[in-house]
Amino acid sequence: MQSFPQLLRQTNDALTCLSWSRNWRKCVSLRCNSRLAQVSCNAIMSPSSRRFTSSSETKPVRIGCASGFWGDTATSVPQLVHSGNLDFLVFDYLSEITMSLLTAAKTKTPNLGYAPDFVHVALAPFINDIQRKGIRVVSNAGGVNPLSCAEAIQEVIRKAGLNLKVAVVTGDDLMPHRSSLSEVKMADGSSRQKLPKSLHSMNAYLGALPIKRCLDLGADIVVTGRCVDSAVTLAPLMHTFGWGRREYDLLAAGSLAGHLIECGAQSTGGVFTDWHKVPDWDIMGFPVVEVSSDGSFLLSKPPLTGGLVSFGSVAEQLVYEISDPKRYLLPDVSCDFSQVTIQEVPGVDGGAVKVTGAKGSAPSQEYKVCATYMDGFRATAVCPVGGPRAAEKARRTAESIIKRCVCVCVCVCVREIKPQHCSI
């Protein structure tokens, strides 16, 4: 098998390098006079590969999210692949601390720096089913080394004897330009600080356009580095429906769909305040959005799975980490979620809601950037159970973990995996 960089060089004439129209200097630097980076979509394709272009499909698109963080359960993939009736399967792995951990991993082993779980646990066991069902995959599992991640995926595809096209989005890594970045604007917008000398990583949060371009080129699997979480959902919608980059209401609606599923089971009752109303934690269902071309969508989960989709569970996710609901800033659109309506749909197993009302306007001229640096500290994390009825909640949590472990053990022993329930 040829090395990944060689494959990229051989296909340069068939690829488009996307230059971002806004000035990267405004994003992170006060003293750089030239554009710092390009956003690139690098696709690996066979000579006979069929290309896609953006279309104006009217049939709804179904997108399921199988991961809300690095280390999320592997049971999500089989339930979504076998019971989700999906067009696209998306994964969100990256948090700020994850970027730091992946950077440390790459420092020790240069061909790491991505989420290996995505390759070996999420994709490899189900790659034949994904290909057979025609499901296309988008994931930010590339972390700080998306090219190595794609190379590992190519190896999985080769071993399975399949012909799938893999594309990589690069351009978020700003470390090659750190010498020209003497100061940065802080998130509060009112101050500027010098970058630490022990800077370890620095990544811009990219948007949906380069992912869309990869899908337009015909990619079956798209791997990115750092991007906003909702971009992995918005891009397939832009690609499928032909939404333009200035159709801001539609982009806001697609971003809302992505925002509601980006944390996985968080919107299907995983951390719901009324946790005692949520059944079957051990077989928790993961979210699926069915999006129409007008931006309205239904949010549900696969049948015969645990969890709960309700007004409350989805509303809690709606306000999660968006700061001002009237001005949620993303690279592709500034979102106004203040008039969003969430309506429960009766008669759906496990619950479903219809979501409408997102509005959008032009995005800002700045990108969010996350930088990490070494400072000699070591952190220890704990997961406490608090709030009303905490002891009862902790007991149920323990019981669900035991049920899950028993289910996995049985599946391994009998070599039989039921897609809706016991999955490994």
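The values are calculated or read from the model by the stated rules, or taken from the named source; none is laboratory data. Note that this is a predicted model, so its numbers are computed, not measured. Note: ideal-geometry Cβ built from the backbone for every residue, glycine included; neighbour counts use all protein chains shown.
Which of the residues that make up region 90-100 are under 16 Å from CYS263 (Cβ atoms), aliphatic (A, V, I, L, M) and under 15 Å from the mean Cα position of the chain (by Cα)?
Hits for region 90-100 are VAL90, LEU94.
Looking at (1) surrounded by fewer than 24 Cβ atoms within 10 Å (Cβ to Cβ); (2) within 24 Å of ALA74 (Cβ to Cβ), find the lone condition where ILE261 falls short.
Among (1) surrounded by fewer than 24 Cβ atoms within 10 Å (Cβ to Cβ); (2) within 24 Å of ALA74 (Cβ to Cβ), the lone unmet condition for ILE261 is (1).
Mind listing whichever residues of region 310-328 are part of a loop (DSSP other than H, G, I, E, B) and either surrounded by 14 or more Cβ atoms within 10 Å (Cβ to Cβ) or at negative phi (or both)?
If the condition is that a residue be part of a loop (DSSP other than H, G, I, E, B) and either surrounded by 14 or more Cβ atoms within 10 Å (Cβ to Cβ) or at negative phi (or both), then SER310, VAL319, TYR320, ILE322, ASP324, PRO325, LYS326, ARG327 are the ones that fit.
Looking at region 379-400, which of the residues that are surrounded by 12 or more Cβ atoms within 10 Å (Cβ to Cβ) and small (Gly, Ala, Ser) is nearest to the chain's Cα centre (by Cα)?
SER400
Only one of (1) in contact with a strand residue (DSSP E or B) (Cβ under 7 Å, 6 or more places away or on another chain); (2) surrounded by fewer than 24 Cβ atoms within 10 Å (Cβ to Cβ) is not met by SER293, so which one is it?
(1)
May I ask you to list the residues in region 205-230 that are in contact with a Gly (Cβ under 8 Å, 6 or more places away or on another chain) and assigned to a strand (DSSP E or B)?
LEU206, VAL223, THR224, CYS227
Do we find that ASP229 is among the acidic types (Asp, Glu), surrounded by 23 or more Cβ atoms within 10 Å (Cβ to Cβ) and touching a residue at least 40 places away in the same chain (Cβ under 8 Å) in this structure?
yes
SER230 - would you say it is touching a strand residue (DSSP E or B) at 6+ places or on another chain (Cβ under 8 Å) and small (Gly, Ala, Ser)?
no
Filtering region 329-348 down to residues that are touching a residue at least 60 places away in the same chain (Cβ under 8 Å) and part of a strand (DSSP E or B), which residue is surrounded by the most Cβ atoms within 10 Å (Cβ to Cβ)?
Checking each candidate, the answer is CYS335.
Could you please find all residues in region 267-309 being aliphatic (A, V, I, L, M), part of a loop (DSSP other than H, G, I, E, B) and modelled with pLDDT of 95 or more?
Result: LEU308, VAL309.
Which of the following residues is modelled with pLDDT under 90 and of a type outside the set (S, T, N, Q): GLU399, GLU392, GLU366, GLU344?
Only one candidate passes the filter, namely GLU366.
Within region 162-204, count every residue that is hydroxyl-bearing (Ser, Thr, Tyr), in a helix (DSSP H, G or I) and free of Cβ contacts under 8 Å to residues at least 60 places away in the same chain.
1
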